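Below: one structure, written as structure tokens.
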């Protein structure tokens, strides 16, 4: 997983600086960067890792599911940010980042497949998206409001996607978007005891999130 | 002493606010005489938005079981409940009010308001008391314009959203169920039961436009229902339902065949219950809103639930005529 790998790599580098002979663990050098507060992400990671052996909580108490959905969204952002930077990898199902992305969804999920098709088309057009600044990822998705239970294995949620990116076409910067706010909804499902993303929806004509300070947004 | 500064209103129109103690004090003494006649002021520019604009992952624009395919315009219902926004002092201080300064006094302004655009028009300035702008000023001018009556403010999204949301919530109904076997009759273990929904509710975009002489705003609320059958017996998973559920076709094949062809809103009970299992059909609403002036977000709607009771027998009754 991308975030897990990023955290692991960070820890490996720290250990390596202390003791070169102790370095071990994930040797995949392609680790991406997780957006947002890495410490927070790591905490969620720890929380979810320790419960991985047993079923994740049902939506009977939606608040208990919230950290799992937040973790899914953080991993979604991490994967998306890597893929849009080099969308040519979207067509390669064996690419670790693509595997990370697909791991967020149930097998055969239409949203995941459609997303990859879209990025493949972007690659064919020579378009990539780079972060507009060092401190913000291209795509950051946060929950808006509490989860709403559909049944014990399904939740709906409000979400706000914040996007800051530079459009690079055939190697040339062509356009820049700074803090574009897209409100919408999402759905997560619990399959075989694991919470997975089902879809993220951006309604037509929607722009601006209350939690982010309106259209212009606050920083 | 005069200080000019540029301020923005929510319409995006730029007005010149001026701080002028002596002249404003004189103007503040003038009495208002407003007539209910339309005035001509710049309309609010509509934000340029069209379609879904997620360039990072366009798939989110197509996702959804539930992207609304139906639009319902509730402007007629909502419009009467929306008044134009009220102009407020930039400082947030109460007591701001319009003052009629002309034409006789318009020439006393320290800027040229130009000629009246129509006969009988007056020049209005908005006075804000106790405005703090680095120093405490008795009054501050915050905008002005020609008109027969004080300028209106265009309606804001937050003026339209509450009455629109009230109208929308009144349209979110609990499902009306058609059970098969019918309510009161006994189902049989392992034989599929069916739940039809008589008042199907589909994903819908509700819109309302409110307008006055200063501009207009359109607000929409997208409602995406997810319908689930909860059979009520222990360990039974929820079953997804189409918006109209799944009515049993009396002229069709056996229940097992119909359920296998379309499992929507069907359930075969595993356990007997003489008292009946307490099930329900629940519609959960995913609701988002937006406007052509920008702000938007998610709204919280309580699920709509219709309970039912299913009596389940081990065997179907066989009527035998002994005569």
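Quick note: the coordinates plus some simple rules give every number you see, no bench work behind them. The model shown is predicted, which means the values in this text are computed figures rather than measured ones. Ideal geometry is used to build each Cβ from the backbone, glycine not excepted, and the neighbour counts take in all protein chains shown.
Could you pull the Cα extents of the range B:187-323 along its three principal axes, largest to smallest, in whole Å?
That gives 85, 31, 26 Å along the principal axes, largest extent first.
What is the spin-label model distance, in nm, from residue B:272 to residue A:152 if the labels are put 7 Å beyond Cα along the C-beta direction?
Each label point is offset 7 Å from its Cα along the Cβ direction, giving 2.5 nm.
Return B:267, B:230 ranked ascending by Cβ neighbour count within 10 Å, so the fewest neighbours appear first.
B:230, B:267
Give me the log10 of I(q) over I(0) for the range A:62-212 at q = 0.15, 0.18 Å⁻¹, as the Debye formula computes it from C-alpha points; what are the numbers?
Here the Debye-derived log intensity ratios amount to -0.79, -1.12.
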